[in-house]
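Below is one structure, written out as structure tokens; the observations come after it.
The values are calculated or read from the model by the stated rules, or taken from the named source; none is laboratory data. Since the model is a prediction, treat every value here as computed from it, not as a measurement. So basically every Cβ, Gly included, is an ideal-geometry build from the backbone, and we count neighbours across all protein chains shown. Remember, those area values only see protein heavy atoms, side chains included, never the ligands or the DNA or RNA. Shrake-Rupley method; radii C 1.70, N 1.55, O 1.52, S 1.80 Å.
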Amino acid sequence: MKWQSVLPQQCILLISCLLMALEAVPIDIDKTKVKEAHAEGEKVENPDTGLYYDEYLRQVIDVLETDKHFREKLQTADIEEIKSGKLSRELDLVSHHVRTRLDELKRQEVARLRMLIKAKMDSVQDTGLDHQTLLKQFEHLNHQNPDTFEPKDLDMLIKAATSDLENYDKTRHEEFKKYEMMKEHERREYLKTLDEEKRQREESKFEEMKKKHGDHPKVHHPGSKDQLKEVWEEADGLDPNEFDPKTFFKLHDVNNDGFLDEQELEALFTKELEKVYDPKNEEDDMVEMEEERLRMREHVMNEVDVNKDRLVTMEEFLRATEKKEFLEPDSWETLDQQQLFTEEELKEFESHISQQEDELRKKAEDLQKQKEELQRQHDQLQAQKQEFQQVVKQMEQKKLQQGNPPAGPAGELKFQPPGEHKAGDAPSHPAGGEQPLPPGHVQEPAVRTDHVQVHP
């Protein structure tokens with residue numbers, strides 16, 4: 001779930017300041033080692049944004065950053081210029097080799113999408129749609145021109161990335177809500193399979209685990225002075241009486257880019273989350289822990305990030321520490337203290353599940369009928385084959401009884417080799433006739449015995 005805070009820092013403006021460069025380092029890492037790594041130019045691996053066109057987005061930005069003119073425009077452009085598409089028109093002024101490389105990247109991306117579409121079409125029945133029609137589903141490039149990268153492509157890429165990332169939190173909330181409702185649905189379905197005594201035991205165990213999970217130390221309001229001072233003392237090992245917001249900001253800007261990005265902010269909440277969640281405890285759900293972390297980050301961003309670029313500058317951070325909410329915050333309600341869904345929502349969710357199960361059951365029944373029909377046809381063919389074999393066998397027996405040589409598999413006669421006869425068989429040549437001689441044999445004159453006289 002930590003995919004938002006990525007991409008090279010110098011590309012912040014390009015994608016409406018929604019993506020950040022270097023992967024955040026845990027807050028308890030040795031800061032001097034981090035600086036040494038950056039000083040040596042060690043490359044930091046960027047985490048995935050979660051966008052299905054993540055690699056294409058990165059490659060386009062990397063190529064544009066190699067053009068000096070475009071890089072200068074990036075440094076002076078504001079968010080509105082980028083969102084309005086004004087920056088995209090600067091693409092016409094980049095060097096030829098940059099445009100050539102962008103053309104190549106777009107052709108590769110179109111080819112990749114076409115392969116995905118083909119795989120999808122092959123996996124389902126023919127829908128009658130072609131590649132061009134399905135390409136319209138992808139909003140991060142101009143599918144009508146698959147060969148060259150134009151200003152419209154850059155504009156579409158920026159707007160698609162901006163929209164997708166801005167909708168991330170909303171989508172995540174919906175998915176988590178479904179997760180919680182599914183848990184409750186499965187629990188209730190399991191209870192229906194138990195007798196009364198076992199059901200009561202399970203209900204008691206559930207309430208006990210719920211109470212145990214809720215029995216945890218107080219969780220400080222995310223982004224408040226008490227919460228940050230706790231990190232300052234326990235994670236950073238510094239004197240809480242010497243807490244300084246400016247020093248705190250620099251200490252936790254682990255990649256030294258002048259911003260606290262979303263991942264760096266999420267790292268600040270680890271100590272608070274450890275009060276509530278322990279992976280060793282059966283009652284603690286680690287999916288809920290990550291949701292809690294992201295909600296803390298979202299809350300701080302809403303309070304501190306004035307220009308809504310999903311990055312906290314030093315100025316924004318220091319301004320937030322002067323507010324009353326920083327010094328005297330409201331209590332923070334953890335997920336176990338909130339009603340995540342209503343009974344009506346759960347019933348609607350279960351109804352949807354039931355509908356899906358009915359559809360799957362119907363498909364399973366149809367497949368079973370098809371299987372049975374194929375089996376019936378197979379059995380019928382086998383019966384016909386056996387009947388045919390039986391007829392052939394009877395015909396062979398009848399031929400043998402009539403003294404005719406049996407027929408072969410193709411109906412040909414099975415003649416016996418010359419000179420090999422069964423007992424009682426008549427010779428294959430007429431009486432007195434001559435048999436053919438083997439090669440090289442000289443026939444002797446026949447001796448007549450009817451006129452020969454024998455003398456004593």
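May I ask you to say which residue of LYS308, LYS323, LYS347 is touching a Cys at 6+ places or on another chain (Cβ under 9 Å) and open to solvent by 50 Å² or more (accessible area, probe 1.4 Å)? Before you say what the answer is, go through the steps one by one.
Values: LYS323 fails: touching a Cys at 6+ places or on another chain (Cβ under 9 Å); LYS347 fails: touching a Cys at 6+ places or on another chain (Cβ under 9 Å).
From the options LYS308, LYS323, LYS347, the qualifying one is LYS308.
To keep it simple, each residue is scored yes or no on (1) closer than 17 Å to HIS220 by Cβ; (2) in the same structural domain as GLU333 (by the TED database); (3) in a loop (DSSP other than H, G, I, E, B); (4) touching a Phe, Trp or Tyr at 6+ places or on another chain (Cβ under 8 Å).
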| position | (1), (2), (3), (4) |
| --- | --- |
| PRO279 | no, yes, yes, no |
| GLU288 | no, yes, no, yes |
| GLU291 | no, yes, no, yes |
| GLU298 | yes, yes, no, no |
| GLU303 | yes, yes, no, no |
| GLU315 | no, yes, no, no |
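State which residue pairs qualify: first residue aromatic (Phe, Trp, Tyr) and inside segment 321-335, second residue open to solvent by 80 Å² or more (accessible area, probe 1.4 Å) in any location, beta carbons under 9 Å apart, and separation of 6 or more residues or different chains.
Listed by first residue and then by second, the contacts come to PHE326/GLU303; TRP332/LYS218.
Has segment 183-194 got at least one residue that is over 33 Å from the mean Cα position of the chain (by Cα) and open to solvent by 50 Å² or more (accessible area, probe 1.4 Å)?
yes
Can you confirm whether LEU265 is of a type outside the set (D, E, K, R) and part of a helix (DSSP H, G or I)? Steps first, answer last, please.
On the way: of a type outside the set (D, E, K, R): yes; part of a helix (DSSP H, G or I): yes.
Against the criterion (of a type outside the set (D, E, K, R) and part of a helix (DSSP H, G or I)), LEU265 qualifies.
Go through GLU180, GLU166, GLU150 for me and flag whichever is at pLDDT 80 or above and under 22 Å from the mean Cα position of the chain (by Cα).
Working: GLU166 fails: at pLDDT 80 or above; GLU150 fails: under 22 Å from the mean Cα position of the chain (by Cα).
Going through GLU180, GLU166, GLU150 in turn, the sole match is GLU180.
So in segment 366-393, with the set limited to residues that are among the charged types (D, E, K, R) and open to solvent by 100 Å² or more (accessible area, probe 1.4 Å), which one is farthest from LYS183 (Cα to Cα)?
LYS393
Does GLU396 satisfy being of a type outside the set (Lys, Arg), assigned to a helix (DSSP H, G or I) and out of contact with any strand residue (DSSP E or B) (no Cβ under 9 Å at 6 or more places or on another chain)? Quick ask: steps written out before the conclusion?
Details: of a type outside the set (Lys, Arg): yes; assigned to a helix (DSSP H, G or I): yes; out of contact with any strand residue (DSSP E or B) (no Cβ under 9 Å at 6 or more places or on another chain): no.
The answer is no for GLU396.
In the list GLN356, GLN338, which residue meets the criterion of being surrounded by fewer than 11 Cβ atoms within 10 Å (Cβ to Cβ) and over 16 Å from VAL219 (Cβ atoms)?
On the way: GLN338 fails: over 16 Å from VAL219 (Cβ atoms).
Only one candidate qualifies: GLN356.
Going through segment 320-371 one residue at a time, which ones are aliphatic (A, V, I, L, M) and assigned to a helix (DSSP H, G or I)?
Narrowing segment 320-371 to residues aliphatic (A, V, I, L, M): 320, 327, 335, 340, 346, 353, 360, 364, 367.
Result: ALA320, LEU327, LEU335, LEU346, ILE353, LEU360, ALA364, LEU367.
List every residue pair whose Cβ atoms lie under 7 Å apart, where the two residues are 6 or more positions apart in sequence or sit on different chains, the first residue falls within segment 188-212 and is assigned by the TED database to the domain that holds ASP284, and the second residue, located anywhere, is surrounded by 12 or more Cβ atoms within 10 Å (Cβ to Cβ) and outside any helix (DSSP H, G or I).
That search, which allows pairs on different chains as well, returns GLU202/LEU194; MET209/GLU283; LYS212/GLU283.
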